[in-house]
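Undergrad: Below is a structure I'd like to ask you about.
FYI, it's all coordinate maths here, none of it is from the lab. Computed from a predicted model, the values in this text were never measured in an experiment. Reconstructed Cβ throughout: ideal geometry from the backbone, glycine too, with neighbour counts over all protein chains shown.
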Amino acid sequence: MVDVRALILTLLLATAVPAGAQPALSQGGTDRVAALNVEAKRLSDGEPEKAMPLARQAVELARQQGDLHGEAEALHNIAVSYLALGALDLAAETAQASAGTYGVAGNARGEAQGYNTLGLIRADDGDFAGALEAHLQALAIRERIDDKAGLAYSYNNIANVYRHTGQYARSLEYHEQSLALKLELGDVLSEAFSHHNIGLVYQAMGDLPRALNAFRRGMALRETVDDDRGVGSSLNSIGQIESQTDPAAALATYRRALELRQRGGDRRGEAATQNNIGRVLLRLGDTAGAIAAYERALAVTTGVEAPLLRVDTLRGLSDAERARGNHQVALARLTESIALRDQVFNQENAERISRLQAAHESQRQEQRIALLERDGALRTAALEQETLLRYALIAGLVLGGISLTLLYARYQLKQKSEAALRAQADELKAALDRVQTLRGLLPICASCKNIRDDNGYWTAVEAYIGAHSAAEFTHSICPNCAEKLYPDVAESTRLGRH
């Protein structure tokens with residue numbers, strides 16, 4: 001077996017910048033880093049051998065310039081290149097370094113991207129627990145910064161992990177969340193991926209009509225944007241459905257897919273389609289053709305780190321050798337397949353997935369509780385405010401009632417005061433009238449002293465004054481009159497006084 005790590009390192013040494021050579025700085029430090037990263041990103045998936053030296057130059061130059069963002073992006077491009085080359089261990093290490101560097105630089109989107117790529121790499125390596133862990137890290141960051149496009153990718157990738165571990169209902173739930181965001185954003189290519197992945201879930205569940213419908217919807221979208229590699233993937237999946245009822249039609253579909261995948265340099269896709277061709281040929285009775293297809297797939301998987309795909313190829317070879325009657329070889333291939341699968345799906349992975357899932361659900365539950373508590377606090381505050389307003393209204397009504405009572409009492413007091421004043425005024429007026437009468441010119445008899453009133457009648461002076469004033473009369477006799485009328489009495493009274 002070829003040592004992939006050694007092969008990749010040899011390739012890097014052959015294409016890297018010579019020792020002591022300095023990268024060109026004609027565009028300036030960070031501009032040159034950006035230009036190298038743009039080109040490395042363009043080549044990283046289809047032509048990783050060309051992308052790798054450009055990305056390494058970008059890393060070195062970014063470090064010289066202290067450009068953390070540029071360094072993190074270059075590391076990410078290297079990780080993607082390693083992934084395309086099938087060097088999954090190196091890809092995982094570099095993706096982890098990219099996420100860490102983005103984090104130090106304070107770039108949350110880049111950090112999430114690094115964890116997202118790390119999750120894809122670990123899933124390709126069959127480490128679904130590690131994949132779920134990385135994708136949940138990316139999801140947490142993207143939720144924090146409200147990155148809708150990133151959230152759509154994270155939901156999709158988490159759904160794929162659940163599909164691989166047989167949790168189909170959960171997988172569909174996350175795919176539907178992803179698809180809703182992609183439709184909102186108008187991302188046609190990503191929408192096609194969601195339909196394709198939903199088809200894979202239905203296929204795993206055995207719901208072939210829904211699976212075929214989803215695959216065809218995805219392929220139609222990919223054809224509108226000339227995504228040959230994606231169309232090849234769709235054709236491969238459609239062929240799997242057709243193989244259940246029309247193996248000949250499936251074979252034609254697989255060969256179309258194989259052509260597109262070989263042309264696009266999709267080695268894992270090529271191996272998967274070769275496996276599918278082998279299965280169809282075996283069903284059609286062409287055992288030799290099936291074994292040849294499986295052997296071609298095995299050769300491809302030897303050059304890339306794709307353990308699950310290799311498990312599938314070994315099992316297919318076992319079935320074909322048994323059909324040919326070569327039971328010893330068939331048993332050897334089957335034993336190799338089982339051992340590799342057990343290595344991938346061991347108990348530790350299952351436990352890690354369960355723990356991560358429980359932790360994620362706990363986090364989601366805590367978020368729900370926090371939201372409920374916040375809503376409860378808002379409701380309590382609203383209730384308190386309503387209560388205060390109610391009390392204020394009641395207090396206002398009470399104060400209003402008191403004010404009205406006081407105003408009415410004041411009004412009554414005013415009315416009474418005015419009535420009393422009017423009565424006093426009337427009395428004063430009457431008194432003044434009487435006083436005015438007494439002050440007028442009074443005709444009085446010079447002899448008897450009777451007074452003539454307004455009607456011409458003569459009245460005794462005491463009677464007239466009593467009628468026109470509050471005075472009352474008592475009768476006595478003055479000293480002069482007493483002396484005139486009673487001289488004897490007056491004389492004795494005068495002597496006794498002395």
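Undergrad: Express in nm, to one decimal, how much length is gained between residue 204 and residue 42 on full extension, taking 0.36 nm for each residue of separation and deducting their alpha carbon distance.
TA: Values: separation 162, 0.36 × 162 = 58.32 nm, distance 3.35 nm.
Contour length minus the Cα-Cα distance gives 55.0 nm.
Undergrad: Give the calculated FRET efficiency between residue 410 and residue 389 to the nearest 0.05, with a Förster radius of 35 Å applied to their Cβ-Cβ distance. Provide the component values of the computation, followed by the final result.
TA: Details: r = 30 Å, r/R0 = 0.87.
About 0.70, to the nearest 0.05.
Undergrad: Same structure, new question: Sequence neighbours fewer than 8 away in the same chain don't count; with that in mind, list the aspartates and glutamates whose C-alpha is under 20 Å from residue 429.
TA: 418, 454
Undergrad: Provide 302, 380 in ascending order of the number of other Cβ atoms located within 10 Å of each residue's Cβ, fewest first. Could the numbers behind the result be given before it?
TA: Numbers: 302 15, 380 10.
Final ranking by Cβ density, sparse to dense: 380, 302.
Undergrad: Additional query: I need 89, 45 ordered by Cβ neighbour count within 10 Å, fewest first. Numbers along the way, then the final one.
TA: Working: 89 14, 45 17.
By the 10 Å Cβ count, ascending: 89, 45.
Undergrad: Give me 282, 378 ranked fewest to most by other Cβ atoms within 10 Å of their Cβ, as a rough exposure proxy.
TA: Values: 282 21, 378 10.
In increasing order of surrounding Cβ atoms, one gets 378, 282.
Undergrad: Pull out the extension gain between residue 180 and residue 402, defined as 0.36 nm times the separation in residues minus the alpha carbon to alpha carbon distance; nm, one decimal.
TA: Details: separation 222, 0.36 × 222 = 79.92 nm, distance 6.25 nm.
Separation in residues times 0.36 nm, less the Cα-Cα distance, equals 73.7 nm.
Undergrad: Which of rounded, prolate, oblate describes the range 178-309, given a ≥ b ≥ c as roots of the alpha-carbon gyration tensor eigenvalues and a/c under 1.5 marking rounded, otherwise prolate only if a/b is larger than b/c? Don't skip to the answer; put the middle values down first.
TA: On the way: a/c = 2.07, a/b = 1.54, b/c = 1.35.
Since a/c reaches 1.5 and a/b is larger than b/c, the shape of the range 178-309 is classed as prolate.
Undergrad: Can you list residues from other chains, or at least 5 along the same chain, whose modelled amide H is less than 5 Å from the amide H of residue 459?
TA: 451, 452, 453
Undergrad: How many nm is it between the label spots at residue 146 and residue 342, if each spot is 7 Å from the Cα in line with the beta carbon?
TA: 5.2 nm
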